[in-house]
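Notes for the one structure printed next.
The values are calculated or read from the model by the stated rules, or taken from the named source; none is laboratory data. It should be emphasised that the depicted structure is a prediction, and the values quoted were computed from it without experimental measurement. Neighbour counts run over all protein chains shown; Cβ positions are idealised from the backbone, glycine included.
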Number of protein chains: 2
Amino acid sequence: MVDELAIATRDNLRSHLDATPYDWLILGVPQHVAYVTGYRSVAGDIFASHRMAALVNADSVVVVAPVADGGALLDHVDGDHHEPYGRFYFEGDHPVAGFADRHGSFAAALEAAARRFGVSGRIGIDTAIDQSEQTRLGSLPGIDEVDESADAWLRRVRSIKLPGEVALLEAAARLAENGIDAALSVAAPGVTERELVAVVAATMVEGGGLPRFLVVTSGERSAFSDARGTDRQLRPGDLVRFDVGCTVDGYWSDVGRTAIVEAPDALTSQRYAAIAAGEEAQLEMIRPGVSAEELFRTAVETVERGGLRPYRRHHCGHGIGTEVYEPPIVAAGVETLLEPGMVLCLETPFYEIGWGGMMVEDAVELTPTGARRLTHSDRSLRVIGQ
Amino acid sequence: MVDELAIATRDNLRSHLDATPYDWLILGVPQHVAYVTGYRSVAGDIFASHRMAALVNADSVVVVAPVADGGALLDHVDGDHHEPYGRFYFEGDHPVAGFADRHGSFAAALEAAARRFGVSGRIGIDTAIDQSEQTRLGSLPGIDEVDESADAWLRRVRSIKLPGEVALLEAAARLAENGIDAALSVAAPGVTERELVAVVAATMVEGGGLPRFLVVTSGERSAFSDARGTDRQLRPGDLVRFDVGCTVDGYWSDVGRTAIVEAPDALTSQRYAAIAAGEEAQLEMIRPGVSAEELFRTAVETVERGGLRPYRRHHCGHGIGTEVYEPPIVAAGVETLLEPGMVLCLETPFYEIGWGGMMVEDAVELTPTGARRLTHSDRSLRVIGQ
């Protein structure tokens, strides 16, 4: 049942391992684990305390995970390659049935897995392996060094998406923009933020996505950058800001659009024109070889030339994948040169407490010669109830 | 915009504070923060690194949170009672517009808030405040002691639900069982697990819920305790196990049902009768004054008397609220006596690798004299395609 994409991402990681100083990787960030195994733990989504790790070299993938993950993991790794901890009971004539209480803690299971599979040499770890676990690993026979740089290395590998990953990101982006369009088709004075949220969510779910964040805020609340929809009813003159995302098989979207109830006033029109021009300038210049900070500077300068000055932003975009924010961040000081296969969200939001907020955000895939938009809906200031 | 339920839960916490040795509470567990403020951070749902804290005494609630939460927080606390960290820009003639870079880290903002509001005496903290933050707090002038026992204390307070909380838990439970019923109404040989997941999710979303876990597994995969739906098609003879939950305004559900495609064989019928009897025994005996471990023992003994022996389980239920697992856990050694206002999920799952899995799980509210079921759908082994 291991899916093709999981095989492709694992093989992609392995193809890069030769060029690294790491003999083994020990990865605890759930999205890193998913990249090498295809396994996304249901319990890991629910419980903040859930811990998992993948131990990887050119030949082996071993997973350290709670016993309870042992059933679902059989779709992804051999039962013998799961080092379990904690108490849970499976029955049957299968090794997993004997897993309960094998180890009392994640750290104990991690050490046992490292010993059993002869993890040795230089070990690359990620940010999820804590200091005491690093120390414990470092004291094992045969382990020469525990190197935290593997997190940044793997994030660079993951920043170049494989075709199967782009397809999922595109599907997720389409569901987000379709959700916004569906909500706008029912938006009118008297309709609540919460009702619009429900329409966005329904559109995502109908298309096979899982809603993950559903920011639909109106009037003065549109200035609240990350806020949940309430029972507030739309009124004439309201800005309505959508910033929504879902996942499709673990791959995220993040799309922004803004609407106005009835007609915009001059200030609203001018400000929206400024932020839309900022995003448009990014969409026009994005291609391999451009740096993230050039994109950022262009966005800010264009918005300010449009009359929205000063335009203070900490970023104007970010990579997206199995995390909603991935490197590169489109920000000052980020010298990363864009490469084919990267997928970025570009955005130029503006939030003024007491007045309102507006944004436009789209996803693009870097191609060998330029970029391809993954989102296609109308990016203008949408008018509700005309 | 502060909602009535948030006021009720905050006041409930304060009504219990007098009977504690804590002068202030410093709470970092997101669900604890929500209990005293009503604020559930959108970013906190998305980013594992998101940190927040509420500083609470009889008179004040102060929130430490990223600047970016500052807009949405205005619905819940005065802007002056938000101590911000990090970089994000709001504009406007409002204090929040000056928040960027006020503090560089959560720990720095926490210390500043404690100083500014004169946090002193004996401080109760929860499990989200780490060792270095505890040490830093303990060294502040006027702070006599930092006491980790507040986490357990607050979890006990939260275990008794207010009427508004029960209403949300009931709404969430209904959406979960309605989702399962809707999926069963379309289930047939050839339909995939993934298609059934989509129906469950759509039902939840239509009713205002957010799908949170959607375990629909069939055939041998039904033994995988926490697994995502795949493209596997239902076949005659398959067990189909549903274990699904959503949230409604942050309150969870967790409901389980089992179906069989066409007719069950004798072993399947006998086993299902055994686990159903185990849950039924719990539902019959649950009332105030019964202990969690008595419920557990009764469930296990009843399943075993039904012929499923040994029945190895680490728990047969759990409290539920703004977390899917809350105290009390229905398990050996948990002497907690049940009280009116508790809401528990009761369950008797069984997983045999190579054969399949089955479960039945329902939610009940403890009343002054007994218990009231929050779920009402058919708990028998459901038959698909007859």
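So if I check each of A:107, A:113, which one is in contact with a Ser or Thr (Cβ under 9 Å, 6 or more places away or on another chain) and either more than 9 Å from chain B (Cβ to nearest Cβ) or part of a loop (DSSP other than H, G, I, E, B) (or both)? A:107 is the lone residue from the list that is in contact with a Ser or Thr (Cβ under 9 Å, 6 or more places away or on another chain) and either more than 9 Å from chain B (Cβ to nearest Cβ) or part of a loop (DSSP other than H, G, I, E, B) (or both). Summed over the range A:242-251, residues that are closer than 24 Å to residue B:89 by Cβ and within 11 Å of chain B (Cβ to nearest Cβ) total 3.
All of A:191, A:216 fail the test of being aliphatic (A, V, I, L, M) and farther than 21 Å from residue B:42 by Cα, apart from A:191.
Of all residues in the range A:103-131, those that are hydroxyl-bearing (Ser, Thr, Tyr) have Cβ atoms under 6 Å from Cβ atoms of residues that are surrounded by 16 or more Cβ atoms within 10 Å (Cβ to Cβ) and not in a helix (DSSP H, G or I), 6 or more apart or on another chain, in A:105/A:85; A:120/A:143.
Only one of the numbered conditions (1) closer than 26 Å to residue B:49 by Cα; (2) within 14 Å of another protein chain (Cβ to nearest Cβ) is violated by residue A:94, and that is (1). Quick one: how many residues across the range A:75-88 are within 18 Å of residue A:43 (Cα to Cα), within 12 Å of another protein chain (Cβ to nearest Cβ) and either free of Cβ contacts under 8 Å to residues at least 12 places away in the same chain or in contact with a Pro (Cβ under 8 Å, 6 or more places away or on another chain) (or both)? Number satisfying all stated conditions: 2. Can you name the residue in the range B:211-225 that is within 8 Å of chain A (Cβ to nearest Cβ) and over 23 Å from the mean Cα position of the chain (by Cα) and, of all such residues, is farthest from residue B:352 (Cα to Cα)? If we take residues in the range B:211-225 being within 8 Å of chain A (Cβ to nearest Cβ) and over 23 Å from the mean Cα position of the chain (by Cα), then B:221 is farthest from residue B:352 (Cα to Cα).
Here is a yes/no grid of residues against (1) touching a strand residue (DSSP E or B) at 6+ places or on another chain (Cβ under 7 Å); (2) buried (at least 24 other Cβ atoms within 10 Å of the Cβ); (3) not basic (Lys, Arg):
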residue	(1), (2), (3)
A:239	yes, yes, yes
A:246	yes, yes, yes
A:264	no, no, yes
A:270	no, no, yes
A:278	no, yes, yes
A:287	yes, no, no
A:291	yes, no, yes
A:294	no, no, yes
A:306	no, no, yes
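Taking the range B:360-380 on its own, how many of its residues are closer than 30 Å to residue A:75 by Cα and either outside the structural domain of residue B:240 (by TED's automatic domain parsing) or within 23 Å of the chain's Cα centre (by Cα) (or both)? Residues flagged as closer than 30 Å to residue A:75 by Cα and either outside the structural domain of residue B:240 (by TED's automatic domain parsing) or within 23 Å of the chain's Cα centre (by Cα) (or both) within the range B:360-380 amount to 4.
Would you mind stating whether residue B:10 is surrounded by 15 or more Cβ atoms within 10 Å (Cβ to Cβ) and in a loop (DSSP other than H, G, I, E, B)? Criteria not met by residue B:10.
Scanning the range A:182-203 for residues that are surrounded by 17 or more Cβ atoms within 10 Å (Cβ to Cβ) and in contact (Cβ under 8 Å) with a residue 60 or more places away in the chain, which turns out nearest to residue A:238 (Cα to Cα)? Checking each candidate, the answer is A:187. Once the range B:83-97 is narrowed to residues that are assigned to a loop (DSSP other than H, G, I, E, B) and of a type in the set (D, E, K, R), the residue that is surrounded by the most Cβ atoms within 10 Å (Cβ to Cβ) is B:87.
Residues in the range B:333-359 that are over 19 Å from the mean Cα position of the chain (by Cα), over 22 Å from residue B:276 (Cβ atoms) and small (Gly, Ala, Ser): B:333, B:354.
Among the numbered conditions (1) surrounded by fewer than 19 Cβ atoms within 10 Å (Cβ to Cβ); (2) within 14 Å of chain A (Cβ to nearest Cβ); (3) of a type in the set (Val, Ile, Thr), the only one that residue B:157 does not meet is (2). Remark: pairs (first residue in the range B:24-48, without any contact (Cβ under 8 Å) to a residue 24 or more places away in the chain; second residue part of a loop (DSSP other than H, G, I, E, B) and among the β-branched types (Val, Ile, Thr); Cβ separation under 6 Å; 6+ apart in sequence or on different chains) = B:46/A:324. Can residue A:100 be described as of a type in the set (A, V, I, L, M), surrounded by fewer than 19 Cβ atoms within 10 Å (Cβ to Cβ), in a loop (DSSP other than H, G, I, E, B) and at negative phi? It is true that residue A:100 is of a type in the set (A, V, I, L, M), surrounded by fewer than 19 Cβ atoms within 10 Å (Cβ to Cβ), in a loop (DSSP other than H, G, I, E, B) and at negative phi.
Output the number of the condition that residue B:192 fails; it satisfies all remaining conditions of (1) polar (S, T, N, Q); (2) farther than 30 Å from residue B:105 by Cβ; (3) away from every other protein chain (no Cβ under 14 Å). Of everything listed in (1) polar (S, T, N, Q); (2) farther than 30 Å from residue B:105 by Cβ; (3) away from every other protein chain (no Cβ under 14 Å), residue B:192 misses just condition (3). Every condition in (1) in contact with a Pro (Cβ under 7 Å, 6 or more places away or on another chain); (2) surrounded by 23 or more Cβ atoms within 10 Å (Cβ to Cβ); (3) within 30 Å of residue B:93 (Cβ to Cβ) is met by residue A:319 except one, and the failing one is (3).
Report yes if some residue within the range A:163-181 is buried (at least 17 other Cβ atoms within 10 Å of the Cβ) and assigned to a loop (DSSP other than H, G, I, E, B); otherwise report no. Within the range A:163-181, none of the residues are buried (at least 17 other Cβ atoms within 10 Å of the Cβ) and assigned to a loop (DSSP other than H, G, I, E, B). One residue stands out in the range A:252-301 among those that are small (Gly, Ala, Ser) and in contact with a Pro (Cβ under 9 Å, 6 or more places away or on another chain): the one that is farthest from residue A:221 (Cα to Cα), namely A:291.
Being touching a residue at least 60 places away in the same chain (Cβ under 8 Å), in contact with a helix residue (DSSP H, G or I) (Cβ under 9 Å, 6 or more places away or on another chain) and away from chain A (no Cβ under 14 Å) is the filter; apply it to the range B:281-320 and report the residue that is nearest to residue A:87 (Cα to Cα). Across the range B:281-320, the extreme among qualifying residues is B:319.
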